[in-house]
1. For the chain, which longest stretch is free of loop sites, where a loop site is one of the GluC sites (Glu not before Pro) that DSSP puts outside H, G, I, E and B and that has at most 14 other Cβ atoms within 10 Å?
2. Taking the Cα centre of the range 53-179 as origin, work out the dipole magnitude from +1 charges on Lys and Arg Cβ and -1 charges on Asp and Glu Cβ, in debye rounded to 20.
3. Considering only C-alpha atoms, what is the centroid distance from the range 238-270 to the range 448-516, in Å?
4. Specify whether the C-alpha gyration tensor of the range 1-150 places it in the rounded, prolate or oblate class, a ≥ b ≥ c being the square roots of the eigenvalues: rounded for a/c under 1.5, otherwise prolate if a/b is larger than b/c and oblate if not.
5. Suppose every Lys and Arg Cβ carries +1 and every Asp and Glu Cβ carries -1, with no other charges. What dipole size does the range 376-437 come out with about its Cα centre, to the nearest 20 debye?
6. In the range 417-449, which residues have a backbone nitrogen under 14 Å from the label point lying 7 Å from Asn507's Cα in the Cα-to-Cβ direction?
7. Using the basic label-point model (7 angstrom from Cα toward the beta carbon), what is the Asn26 to Glu66 distance in nanometres?
8. Looking at the range 363-453, which trypsin sites (Lys or Arg not before Pro) are DSSP coil and have at most 11 other C-beta atoms within 10 Å of their C-beta?
Amino acid sequence: MIPPSLFESKISYPRFNNKSEDFGINFEGLAGGVVLDDFNNDGHLDLMISSISSKDPLRIFLSSKESGTIKFFDITKSSDLKGLKGSLNIMQGDYNNDGNVDVFLSRGAWNDVQGEIPGSLLKGLGNGKFEDITTKAKILTTGPGQAVAWGDFNNDGLLDLVVAYESDSEKFYPTQLWKNNGNGTFTDIAKEAGLAAYHGFFKAAAWGDYNNDGKLDLFLANLNGSSLLLKNLGPDSSGVWHFSDASHEAGISDPKHSFTSWFFDYDNDGYLDLFVSGYKATLADIVADYQNRKNNGAKAALFHNNRNGTFSNVSKKVGLDRVLLTMGANFGDINNDGYLDFYLGTGYPLLEMLIPNRLFLNQKGKKFVDITTSAGVGHLQKGHAVAFGDINEDGAQDIFEVLGGVFENDGFKRVLFLNPGNKGNWIKLKLQGTRDNRSAIGARISVFINEGGKKRMVHRMVSSGGSFGSGPLEQHIGVGAANSIDRVEIYWPVLNKVQILKNLMINKSYTIIESN
């Protein structure tokens, strides 16, 4: 037995409450993905939820505000997507720059269970409905895949898609880089770009410009070996873009068994850092880790950007050298202090593996503290896709999570942990690219604030967050105790320029259109 004292949070935090039943989104299902974003452009966050089961439909919930209260409505039956099932991970982006959210569904993960099942590309129609255009877009993928990510790697203003697979000793599945042709179709250029040769049991893909050269680099998390940091070298003399393995020179090594991963600037120094969660542990390892005893579990790694093309593993320094066994995860700012926190969906397919999902609070970029017990979010079920977002529009980010395992008898209800609120101020920025991709994925935001007489900056990169779970592309940025914003600077990669905005107010939402 583990003493209850070992679960106690070192600092107190107001308790979150599961309100999924109140919102009508507490249906049961197996492991799956989630996209939390605005599907019908009405300013309210909607939900798309998938399941790995071939029996479970893709579920779509549109929200509306009635008498000041947000309510969700299940439009699954009228969405014309009845035949789309069996997706573990779903990711959004506006691939055709029409202002509507599009979604890619990956399939086949855990190849001994699912195998070679094609993914699907859904074109958003702007009314909450979607059209399956996989064949029309010529983006037919076949293989055991979960690791997918949208990003404009060649800065042509069009979102491209990377899909990495689960290769093993018996079969090799080359990584695919689907270049957006700008006419509604895609072409796999992974071989000429130097990506097709890389293989592993890839569980996560994440884009991020780690060296601030204006080009998106790629990280691939490998469950059965070393992960890869692939540096974007740009185009050669013939215009072909290339990537090279920079893992060794950048100091990216452990953990050797990794799963969820993402780029974020956890200490607000203007450079992207990298979080990589270890994924190899027994139940005994988890118990031993809680008791601070030696164990053989793979620990998480937080790589701090040294701003010279290299990283340092600061996990022990910041309190994250733990065995977390993370499957789904995402990040957000739950107390609006400007520093990014994260929530981890934990577990393993075996039925015995019931361990708390965990919430870590960022302490001004210096340390992370586990506030799971205090916040009341340590659910024991298998944790998968996670999304942060201000669902009830009270200015505080809530946490939605897809719970449930992969076996038919291991399903569970979805949960919505409603943020109890806080005194921190915020600003929401929905960026709209004109030369850059319209959804602005990859653009960088710097918010300059004066807080208690001290000036500081809050930095964000536009993305949907973690590698397993997709939050809104509109950026919710906490500004703490600041009662005004000095200015906002937006870096647009395509034209390599900075757009400066002034006179923006706190606790307000803005749409920012890229200036030419």
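The values are calculated or read from the model by the stated rules, or taken from the named source; none is laboratory data. Quantities reported herein were computed from a predicted structural model and do not represent experimental measurements. Neighbour counts run over all protein chains shown; Cβ positions are idealised from the backbone, glycine included. Ligands, DNA and RNA are excluded from the accessible area calculation, which covers all protein heavy atoms including side chains. Shrake-Rupley method; radii C 1.70, N 1.55, O 1.52, S 1.80 Å.
1. Longest stretch, sites excluded: 171-351.
2. I would put it at about 480 debye.
3. 24
4. It comes out oblate by the Cα gyration axes.
5. So the dipole magnitude of the range 376-437 works out to roughly 160 debye.
6. So the set is 421-428.
7. 1.9
8. Lys423
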